[in-house]
Amino acid sequence: MKQLKWILVASLVSGSLGAGAVVMAAKGKMMVLTPPEDAKFMPLDPNDKEGKGPQISVVFGDMKKKGPLGFLLKVPAGFKPGPHTHTSDDYAVVVKGTLANFVPGEEGKPLAPGGSWFQPGKVVHDNHCVGTEPCMVFVYTPNGFDFIPVAAPKPAK
């Protein structure tokens, strides 16, 4: 129990020091608030002219650069992009709906809002927005975003 107290105290102290640094770093910048109805979503696939597939709204960063990027991803109910990889690691938090992130062939337990995952870069995986409601997930990629489709693995004999 004493160890837990010290860990908590150390976390609070380092968090306070970090918060001070953030305030100093933010000096001269303005706070920006975006209500959900003002988020600008666009098709993730540039060929999706009707906007029926996944949609993205960049929260911070630049989709065209290989730097840190945070975005909201809206996924239609039932959508599965197929096996793919990303160059960058990604960290995600489910905001709405029920979403599965899995190794092809092993869908596993989908995540409800508040559930999260870490996906190492270059690892083949798939996603599935489970159920009848669309899903939304916040995704952070430290090295930009790309989508690299891969052939589905052949079933073991």
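None of Phe138, Phe102, Phe147 is closer than 20 Å to Gly53 by Cα, aromatic (Phe, Trp, Tyr) and at pLDDT 95 or above except Phe138.
Considered as a group, the residues in the range 43-59 that are under 22 Å from Pro110 (Cα atoms) and part of a strand (DSSP E or B) include one that is nearest to the chain's Cα centre (by Cα), and that residue is Ile56.
Of the residues in the range 102-117, not one is in the same structural domain as Phe79 (by TED's automatic domain parsing), touching a Lys or Arg at 6+ places or on another chain (Cβ under 7 Å) and of a type in the set (Asp, Glu).
Residue pairs whose Cβ atoms lie under 6 Å apart, separated by 6 or more positions or on different chains, with the first residue in the range 55-81 and farther than 12 Å from Val139 by Cβ and the second assigned to a loop (DSSP other than H, G, I, E, B) and aromatic (Phe, Trp, Tyr), are Gln55/Phe41. Pairs are defined by a Cβ separation below 7 Å, a sequence spacing of at least 6 or placement on different chains, a first member in the range 127-141 that is small (Gly, Ala, Ser), and a second member that is surrounded by fewer than 18 Cβ atoms within 10 Å (Cβ to Cβ) and in a loop (DSSP other than H, G, I, E, B); the pairs so defined are Gly131/Ala77. For the range 13-33, the count of residues that are in a loop (DSSP other than H, G, I, E, B), surrounded by 10 or more Cβ atoms within 10 Å (Cβ to Cβ) and at pLDDT 90 or above is zero.
The values are calculated or read from the model by the stated rules, or taken from the named source; none is laboratory data. If you're wondering where the values come from, they're calculated on a predicted model, not measured in any experiment. Note that we place each Cβ from the backbone using ideal geometry, even for glycine, and neighbour counts take in every protein chain shown.
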